[in-house]
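Asker: Before anything else, here's the structure in question.
The values are calculated or read from the model by the stated rules, or taken from the named source; none is laboratory data. Remember, predicted model here, so these are calculated numbers, not experimental data. Methodologically, a virtual Cβ is constructed for each residue, glycine included, from the backbone with ideal geometry; neighbour enumeration extends over all protein chains shown.
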Amino acid sequence: MDLLSHALLPFLLGNFFKRRKEEIAALTIGGIAPDFDVFLLWINFIYPNFFLLTHRGITHSIFFGFFTGIIILYLATQSRVKNIVKRYIDFEPVFSRRTVLFAFAGVIIHLFLDYSTTRGVPLLYPFDVSRYSAEVFFYTDISLMILALVMVIWLYRKPLQKNTVTKFLVIYLIVFAGLGTARFAEKTSAEQFFHDAGIKAYPTMSISDWYALGKDGNEIKIYEYNGFNRISVYNETVPALNVLSDAEGLEPALGAAGELPQIKMFKWRAYAVAINATSKDGVWFLEYYDPLGKAMARSAPAFLMRINKPIRVKVEAGKAVIA
């Protein structure tokens with residue numbers, strides 16, 4: 001979900017329930033705290049690892065989200081930060097046991113909003129690396145982002161009033177619930193269209209367009225479904241493992257490649273994983289790619305193309321390296 005919604009919803013809830021100014025500040029800070037993970041991305045470039053130091057990774061779990069909320073709240077109470085922010089908004093956060101709890105409540109709101117979007121969040125990390133998602137909204141829903149932007153601008157330019165807070169909160173929740181219900185109905189329709197219990201539907205930026213993914217043995221099947229017309233307008237079938245040479249020694253090569261942190265992270269991010277494998281003179285060349293991510297990137301923002309780039313691995317004498 002977009003950053004504006006992450007800040008706006010906790011702010012509106014805090015004011016609606018007539019919390020103190022410092023509590024509302026902590027709630028709002030907690031609402032945006034998990035997205036400060038963008039400052040951790042450089043670590044994976046310098047030292048590749050599988051500690052989920054990526055966007056919507058480690059800070060988007062209940063356990064580490066709590067500590068993230070504490071850290072960001074503490075930093076926000078420092079004089080230098082407060083003086084910068086107070087130039088633009090009335091901002092007076094306080095670091096205490098009570099405000100820490102409000103910051104954590106903001107984190108929980110953040111996790112709920114991101115849970116509603118595609119690929120979701122690793123809620124139980126580090127105890128479980130699984131990503132939990134309702135797969136209802138796209139990464140950022142344009143309608144909700146525009147609505148949040150209009151409300152934030154209004155609140156910034158006008159004196160804060162109780163009736164305005166109530167109206168905005170009701171409007172946002174109605175739009176969120178209405179869009180969510182409509183998208184869930186479309187998701188269900190998409191999955192039922194293919195008459196296959198193994199088919200899972202994933203949202204796009206359009207409310208009526210969905211991608212569907214199914215796995216049958218060594219085949220990965222991808223469909224694009226249009227809910228308005230009730231038709232599948234695109235489909236592709238690719239092998240999960242495409243061996244382009246003699247398969248001798250393939251299993252050890254896959255095992256060695258699978259231990260690389262880059263491959264672990266790729267599998268964690270991917271909707272599905274397909275591998276092109278070929279060998280020459282005892283050296284294996286493996287290309288890992290996400291066929292559904294590749295299909296989505298055809299009409300999605302450019303950042304998805306970068307996220308879904310294939311990873312190539314060279315395995316020689318049992319040692320795997322990124323090619």
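Asker: Pairs needed: first member in region 110-122, more than 12 Å from Val136 (Cβ to Cβ); second member anywhere, part of a helix (DSSP H, G or I) and modelled with pLDDT of 95 or more; C-beta distance under 6 Å; at least 6 residues apart or different chains.
Answerer: Listed pairs, sorted by first residue: His110/His6; His110/Gly31; His110/Pro34; Val121/His60; Val121/Leu111; Val121/Asp114; Val121/Tyr115.
Asker: Here is a follow-up. Among the listed residues Ala212, Ala253, Ala300, Ala247, identify the single one that is aliphatic (A, V, I, L, M), modelled with pLDDT under 90, farther than 25 Å from Leu41 by Cα and outside the structural domain of Leu53 (by TED's automatic domain parsing). Give the derivation first.
Answerer: On the way: Ala212 fails: modelled with pLDDT under 90; Ala253 fails: modelled with pLDDT under 90; Ala300 fails: farther than 25 Å from Leu41 by Cα.
Answer to the check: Ala247.
Asker: Something else now. Anything in region 119-176 that is charged (D, E, K, R) and in a loop (DSSP other than H, G, I, E, B)? List them, or say none.
Answerer: So the first thing to find is which residues in region 119-176 are charged (D, E, K, R), and the list is 119, 128, 131, 135, 141, 157-158, 162, 167.
Arg119, Asp128, Arg131, Glu135, Asp141, Lys158 - these are the residues of region 119-176 that are charged (D, E, K, R) and in a loop (DSSP other than H, G, I, E, B).
Asker: Does Ala185 fit the bill of being aliphatic (A, V, I, L, M) and in a strand (DSSP E or B)? Give the steps one after another, and end with the answer.
Answerer: On the way: aliphatic (A, V, I, L, M): yes; in a strand (DSSP E or B): no.
The answer is no for Ala185.
Asker: Please pick out the residue among Ala212, Ala253, Ala272 that is in a loop (DSSP other than H, G, I, E, B) and crowded, with 18+ Cβ neighbours inside 10 Å. Before the answer, list the steps.
Answerer: Working: Ala212 fails: in a loop (DSSP other than H, G, I, E, B); Ala253 fails: in a loop (DSSP other than H, G, I, E, B).
One residue alone meets the criteria, Ala272.
Asker: For region 275-297, enumerate the residues that are farther than 15 Å from Val321 by Cα, hydrophobic (A, V, I, L, M, F, W, C) and either assigned to a loop (DSSP other than H, G, I, E, B) or at pLDDT 95 or above (or both).
Answerer: Ile275, Ala297
Asker: Moving on to the next point. In region 79-102, what residues are assigned to a helix (DSSP H, G or I), within 29 Å of the chain's Cα centre (by Cα) and at pLDDT below 95?
Answerer: Answer for region 79-102, where residues must be assigned to a helix (DSSP H, G or I), within 29 Å of the chain's Cα centre (by Cα) and at pLDDT below 95: Val81, Val85.
Asker: If you go through region 215-245 one residue at a time, how many are aliphatic (A, V, I, L, M), surrounded by 13 or more Cβ atoms within 10 Å (Cβ to Cβ) and under 26 Å from Gly180 (Cα atoms)?
Answerer: Narrowing region 215-245 to residues aliphatic (A, V, I, L, M): 220, 222, 231, 233, 238, 240-241, 243-244.
So of that shortlist, the ones also surrounded by 13 or more Cβ atoms within 10 Å (Cβ to Cβ) come out as 220, 222, 238, 240-241, 243.
Remaining after also requiring under 26 Å from Gly180 (Cα atoms): 222.
Counting residues in region 215-245 that are aliphatic (A, V, I, L, M), surrounded by 13 or more Cβ atoms within 10 Å (Cβ to Cβ) and under 26 Å from Gly180 (Cα atoms) gives 1.
Asker: Next question, about the same structure. Which residues, taken from region 215-231, are at pLDDT 90 or above and in contact with a helix residue (DSSP H, G or I) (Cβ under 8 Å, 6 or more places away or on another chain)?
Answerer: Answer for region 215-231, where residues must be at pLDDT 90 or above and in contact with a helix residue (DSSP H, G or I) (Cβ under 8 Å, 6 or more places away or on another chain): Ile220, Ile222, Glu224, Tyr225.
Asker: What are the pairs with Cβ atoms under 6 angstrom where one residue, in region 148-176, is within 10 Å of Leu8 (Cα to Cα) and the other, located anywhere, is of a type in the set (S, T, N, Q)? Sequence gap at least six, or different chains.
Answerer: Note: pairs meeting the criteria are Ala148/Ser5.
Asker: Name the residues in region 94-150 that are more than 26 Å from Lys187 (Cα to Cα), of a type in the set (Phe, Trp, Tyr) and crowded, with 21+ Cβ neighbours inside 10 Å, would you?
Answerer: Phe102, Phe104, Tyr125 - these are the residues of region 94-150 that are more than 26 Å from Lys187 (Cα to Cα), of a type in the set (Phe, Trp, Tyr) and crowded, with 21+ Cβ neighbours inside 10 Å.
Asker: Hey, can you tell me all the residues within region 27-78 that are β-branched (Val, Ile, Thr), surrounded by fewer than 15 Cβ atoms within 10 Å (Cβ to Cβ) and at pLDDT 95 or above?
Answerer: Looking only at region 27-78, we keep the residues that are β-branched (Val, Ile, Thr), and these are 28-29, 32, 38, 43, 46, 54, 58-59, 62, 68, 70-72, 77.
Within this subset, residues satisfying the condition of being surrounded by fewer than 15 Cβ atoms within 10 Å (Cβ to Cβ) are 38, 43, 46, 71.
Hit for region 27-78 is Ile71, nothing else.
Asker: Can I ask one more? Please go through region 228-250 and pick out each residue that is assigned to a loop (DSSP other than H, G, I, E, B) and hydrophobic (A, V, I, L, M, F, W, C). Spell out how you get there, then give the answer.
Answerer: To start, the set of residues in region 228-250 that are assigned to a loop (DSSP other than H, G, I, E, B) comprises 228-230, 240, 244-249.
Correct list: Phe228, Ala240, Leu244, Ala247.
Asker: How many residues are of a type in the set (A, V, I, L, M, F, W, C), touching a helix residue (DSSP H, G or I) at 6+ places or on another chain (Cβ under 7 Å) and either in a helix (DSSP H, G or I) or on the phi > 0 side of the Ramachandran plot (or both) when one looks only at region 28-61?
Answerer: Within region 28-61, the subset of a type in the set (A, V, I, L, M, F, W, C) is 29, 32-33, 36, 38-43, 45-46, 50-53, 58.
Now narrow it down to the ones that are touching a helix residue (DSSP H, G or I) at 6+ places or on another chain (Cβ under 7 Å): 29, 32-33, 36, 50-53, 58.
Right, trim to either in a helix (DSSP H, G or I) or on the phi > 0 side of the Ramachandran plot (or both) and you get 29, 32-33, 36, 52, 58.
Summing the residues that are of a type in the set (A, V, I, L, M, F, W, C), touching a helix residue (DSSP H, G or I) at 6+ places or on another chain (Cβ under 7 Å) and either in a helix (DSSP H, G or I) or on the phi > 0 side of the Ramachandran plot (or both) in region 28-61 gives 6.
Asker: For region 132-170, give me the residue count where each residue is charged (D, E, K, R) and within 26 Å of Val121 (Cα to Cα). Give the steps one after another, and end with the answer.
Answerer: Going residue by residue through region 132-170, those that are charged (D, E, K, R) are 135, 141, 157-158, 162, 167.
So of that shortlist, the ones also within 26 Å of Val121 (Cα to Cα) come out as 135, 141.
Residues meeting the conditions: 2.
Asker: Which condition number in (1) touching a Leu at 6+ places or on another chain (Cβ under 8 Å); (2) in contact (Cβ under 8 Å) with a residue 60 or more places away in the chain; (3) farther than 29 Å from Val170 by Cβ; (4) among the polar types (S, T, N, Q) is the one that Ser5 fails?
Answerer: (3)
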